[in-house]
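Down below is the structure, laid out as structure tokens.
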């Protein structure tokens, strides 16, 4: 099947098999490897992207379901060479260690901050519940999201 997906602002037409997951379309057909395959069961959030402005786990979306959608991956957050405020805050506050969960965390945080401009720590923690990190202990991630909220 041929699907048309706007990915990071660029319209892309891709031949996909109906059984392919969006995460595999992004990584293997479009070469956008910032979207990570973690658990394949929607538990970890490493594959999170923005679909029509909302955070979704791309391992739960079939590529054909994304036909006509607007997808933003971690590669698409930079504007004119500048990091998105959430990306910069993760850098500034050491909100990552190994980096595997980072793209999904950042995109989930972008969605969270779109809907909650001034979240408290409890709201941030609740908003990131579907994203697992094995390295950081989450404290610096929460600080990063709080800082990004102040700057956005």
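The values are calculated or read from the model by the stated rules, or taken from the named source; none is laboratory data. From a predicted model like this one, the values you see are computed outputs, not experimental measurements. Don't worry about glycine lacking a Cβ; one is built from the backbone with ideal geometry, like all the others, and counts go over all protein chains shown.
Every residue in region 59-73 that is crowded, with 16+ Cβ neighbours inside 10 Å and without any contact (Cβ under 8 Å) to a residue 60 or more places away in the chain, please.
59, 61, 62
Among 117, 99, 137, 127, which is free of Cβ contacts under 8 Å to residues at least 60 places away in the same chain, farther than 17 Å from residue 43 by Cβ, under 15 Å from the mean Cα position of the chain (by Cα) and not assigned by TED's automatic domain parsing to the domain that holds residue 39?
Details: 117 fails: under 15 Å from the mean Cα position of the chain (by Cα); 137 fails: under 15 Å from the mean Cα position of the chain (by Cα); 127 fails: farther than 17 Å from residue 43 by Cβ.
Just a single option satisfies the conditions, and that option is 99.
So, residue 8, is that one at pLDDT 95 or above, in contact with a strand residue (DSSP E or B) (Cβ under 8 Å, 6 or more places away or on another chain) and within 30 Å of residue 139 (Cα to Cα) or not?
Working: at pLDDT 95 or above: yes; in contact with a strand residue (DSSP E or B) (Cβ under 8 Å, 6 or more places away or on another chain): yes; within 30 Å of residue 139 (Cα to Cα): yes.
Yes; evaluated as a whole, the condition is true for this residue.
Give the residue, chosen from 56, 37, that is touching a strand residue (DSSP E or B) at 6+ places or on another chain (Cβ under 8 Å) and either assigned to a strand (DSSP E or B) or surrounded by fewer than 19 Cβ atoms within 10 Å (Cβ to Cβ) (or both). Give the steps one after another, and end with the answer.
Details: 37 fails: touching a strand residue (DSSP E or B) at 6+ places or on another chain (Cβ under 8 Å).
Among 56, 37, only 56 is touching a strand residue (DSSP E or B) at 6+ places or on another chain (Cβ under 8 Å) and either assigned to a strand (DSSP E or B) or surrounded by fewer than 19 Cβ atoms within 10 Å (Cβ to Cβ) (or both).
Being buried (at least 21 other Cβ atoms within 10 Å of the Cβ) and in contact with a strand residue (DSSP E or B) (Cβ under 8 Å, 6 or more places away or on another chain) is the filter here, so list the residues in region 40-50 that pass it.
45, 47, 48, 49, 50
For region 9-29, which residues satisfy the criterion of being surrounded by fewer than 19 Cβ atoms within 10 Å (Cβ to Cβ) and under 14 Å from residue 70 (Cβ atoms)?
Within region 9-29, 9, 10, 11, 12 qualify.
Is at least one residue of region 27-50 in contact (Cβ under 8 Å) with a residue 40 or more places away in the chain and either in the same structural domain as residue 127 (by TED's automatic domain parsing) or farther than 24 Å from residue 98 by Cβ (or both)?
For region 27-50, residues in contact (Cβ under 8 Å) with a residue 40 or more places away in the chain and either in the same structural domain as residue 127 (by TED's automatic domain parsing) or farther than 24 Å from residue 98 by Cβ (or both): absent.
Name the helices (runs of 4 or more DSSP H) wholly inside region 68-152 in which the number of residues that are over 18 Å from residue 50 (Cα atoms) is 2 or more. Reasoning before the result, please.
On the way: elements: 85-92, 102-115, 121-127, 139-151.
Result: 85-92, 121-127, 139-151.
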